[in-house]
Structure formats: structure tokens, C-alpha cells
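Since every read-out is calculated from the coordinates, none of them should be taken as a lab result. No experiment lies behind these values; they were computed from the predicted model shown. We place every Cβ from the backbone using ideal geometry, glycine too, and count neighbours over all the protein chains shown.
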Amino acid sequence: MTVDEMMKQVQGEMGDDPRANLKKIAEIADTLRKEPNAAELLEALAGYAYAQMPEEDRAAMEETTFAAGKRMDQTFADAQRLIRENKPEEAAKLLGAISEKIEKHFENGETKWFSFRNPFEYHVYRYYYPKDTNFERAPFDFAHYLVTYAYTLIEIGETPAARRALLRAILFNPVGADIRFEYAELCKLAKNMPDLLESCRVTAKLATSADRMARVCANLGFYCEEMGELYAAAVFYFESMRFLPTKPVEVSLQDVVRHMKVEGMKFVPPTKEQITATYTQFGVPEMPNSALVNLALVLAKEAQEYKRLDLEGLFYRVAFDMTNNPEFKSELDRIDRAIAAAEPQA
């Protein structure tokens, strides 16, 4: 779809009520996200929506969602460009302006604002916090913005401020495993072993793919190695390799095994019972998290009932990524065929 085609569609659906028009524009925006040129279309649509706003609403929007003279997402794009150009100090200034606006308007108020990155994360949050219903969707991905801000702060040597930014990011997406990995890296950098272990315990409950489960285990291996728990370190590195083999973890495992030999210890591939005992020793739940697998399957069935192939595919993908179960792969293949068959009709 071209921008001109989209604008003709949008303008043809506009009425006399500005607020109803904005709601309709938001609905249209959700249908554009899978378009190949989605970024271009959404940018044009955002400009049109801004022009349609009543003057008082436009002023309120500028106060809450503009930073450094631009809409937050545009300022964030400028910051990303500066990061690519290896200018972290300049990027940190722009991201700092975004951070201040987020703190002023979206933190510490009566309403919680979340920036879940997909529908499954939303349902994971509802699963873990069923009584928490008073929250709204943030206008932008504040969690991602704050993680990026933390990165630039680390680059310029402001580690304590980076830690605060990451903790704020977690509050905007408490079930996002990737944010907690960034926090774990900061814990490793600062040699903050208690927080690293606690981060691993939480992230193990949230990991929904082989690479994430492998990374949790690698971080646990690092923790145990730093704490002198060589056997446990070897077990966790072994587990990481089982989920997803990588060269750095293989090297870490070999180093620990060599260290064990110097100490007069032997290491052989652990049994299932030994692996379970090691997880239990450090208070970490085993992966994959069966509760999340079951949640994904329940949601997939519901999506099928509502004929939402996109969501059904997402939820089966989560279940497959966590288990590598060929039955779930068969369901994904079925959904792909159904989507392919539906596209010509659409």
C-alpha cells in the first residue's frame, strides 16, 4: 500500500467528530503494522492524526509525548542514529530528555503504563498478576527507550544512572525477559552477585525461546563461577549448551572443567536428577516454564475459535520455541498454509 492509497482510505472514513476520527485512525494504524512499508505509512498517519486533533488536545499531546522539540519516537530515532555514529554523549542528551518526559507524565501516577511488545507478554502479565487491571498501554515503547538510555549511560561511564534507568524500564514491562538480560549484564559489570542471581530467578520464569533459556543458564554459570561453585557452574553451562550451543559458552564450560581438574574434581554430563538438584540449590525454576507453555496453548485455542490466524500463529510459535515439540510445528505449518490461502482472497 502506498501513502496516497492509505490517505484516500483514511479520509474516506472520516466523519464530523474529531475524537471518533482519532479512534478510527488508531484502528487503521493497527492494520498497517504488517505492511512492508509500515514505518512510512504509520509516520504519515501519525502526521495526519496530529493535524486532526482539537487544539487543546494537540497542546496536551505535545506536553506529554514530545521531547527535544519532536515527537518521542522521532527523537528516539535521532538518538539511535547518534549511537550508530558512535556519539553516545549526544545520544544520551536526547534520551535524557525523553526520560524526563516519561518520568514526569507516566510514572508515579494513579495509572500504570505498560509497553508490552506483543500480545503474549500482555497475557503473561495478566497470568502472573490477575488482580491488576488498572493499567494502560503506553503511547510508545518506554521500556525500550529506557533500556537504550541505560546503554548510552554505561558507554559514558554513568553506571549508577544506567541502573536506575533499567529498573524503570522493568516497571514498564515486568515480563520482558530481554530487559532483565540487560540488567543482568550490568550486574555482572558491577560484580553485583545477589542481584544477578535474583534476576536469573525471575527471568527463568519469563524465558520463551531457546536462546533466552540458554542465556539464563549462561548467566547462572557466570554467577556460580564467580562464587566458586565450580560444579554448579559447569552444570549451568552444560544446560546452556543443551538449549542453544554457542562458542563463548563452550569456552566457558571448558575453562571451568579445566579449573575443576586442577582442584581434583571431575565433571561428566549430569543426569536429569543432578540438573534438577542444581536448579533447586540456587532457587531457580527449571526451564522451560510449563505454565507458560500451557498458557500459550490455551490462548492458541481461543484464537482459533475467534478465527485469528495471526494470534494463533503467535501463540503456537511461543509453545514451539519453548519445547521444540513437532506437534506444535505441525500447527504452525497448518496456519501458514491457511494464511497463504487467505491472502489472494484479501
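Shape summary of the chain, radius of gyration then Dmax from alpha carbon positions: 23.3, 81 Å. Rounded to the nearest 10 degrees, the angle from helix 326-345 to the longest Cα principal axis of the chain is 20 degrees.
I need the fraction of alpha carbon pairs in region 215-308 separated by more than 20 Å, rounded to a whole percent. Numbers along the way, then the final one.
Details: 1893 of 4371 pairs.
Tail of P(r) above 20 Å: 43 percent of Cα pairs.
Between the residues A234, A184, T148, the greatest Cα displacement towards the positive end of the dipole of region 117-268, with unit charges on the Cβ of Lys, Arg, Asp and Glu, is found for A234.
Over 28 Å between C-alpha atoms is what I'm after, so list which of K205/K266; K23/K329; K23/K112; K24/K112; K205/K272 land there. Kindly include the intermediate steps, with their values, before the conclusion.
Details: K205/K266 31 Å; K23/K329 37 Å; K23/K112 21 Å; K24/K112 24 Å; K205/K272 19 Å.
Correct reply: K205/K266; K23/K329.
Here the Karplus curve 6.51 cos²θ - 1.76 cosθ + 1.60, taken at θ = phi - 60°, turns the phi angles of region 149-159 into couplings of 4, 4, 4, 5, 5, 5, 4, 9, x, 9, 5 Hz, with x standing for Gly and Pro. Shown is the FRET efficiency for K131 and M7, computed with R0 = 41 Å from the Cβ-Cβ distance and rounded to the nearest 0.05: 0.40.
Based on the Cβ-Cβ distance of R337 and I156, what FRET efficiency does E = 1/(1 + (r/R0)^6) give at R0 = 56 Å, to the nearest 0.05?
Numbers: r = 51 Å, r/R0 = 0.90.
Computed FRET efficiency for R337 and I156 comes out at 0.65.
Taking θ as phi - 60° and the Karplus parameters 6.51, -1.76 and 1.60, the scalar couplings of region 309-321 work out to 4, 4, 6, 4, x, 4, 6, 5, 4, 4, 4, 5, 4 Hz in sequence order, x denoting glycine and proline. Karplus-based coupling profile of region 191-197, in residue order and whole Hz: 6, 8, 5, x, 5, 5, 5, with θ = phi - 60° in 6.51 cos²θ - 1.76 cosθ + 1.60 and x standing for Gly or Pro. For W113, nonlocal amide neighbours, meaning residues 5 or more places apart or on other chains whose placed amide H falls under 5 Å from its own, are E136.
Of T280, L311, M260, whose Cα points farthest to the positive end of the dipole of region 218-322 (charges on the beta-carbon: +1 Lys, Arg; -1 Asp, Glu; origin at the Cα centre)? So the residue we want is L311. Counting every C-alpha pair in region 106-174, the share spaced more than 17 angstrom apart comes to 45%.
What is the ratio of the Cα radius of gyration of region 33-123 to 2.2 N^0.38 Å, with N the residue count, to two decimals? Let's see the in-between values first.
Working: Rg = 15.2 Å, N = 91, 2.2 N^0.38 = 12.2 Å.
So the Cα radius of gyration is 1.24 times the expected 2.2 N^0.38 Å.
Of the trypsin sites (Lys or Arg not before Pro) found in region 218-269, those in coil by DSSP whose Cβ has at most 16 other Cβ atoms within 10 Å are K266.
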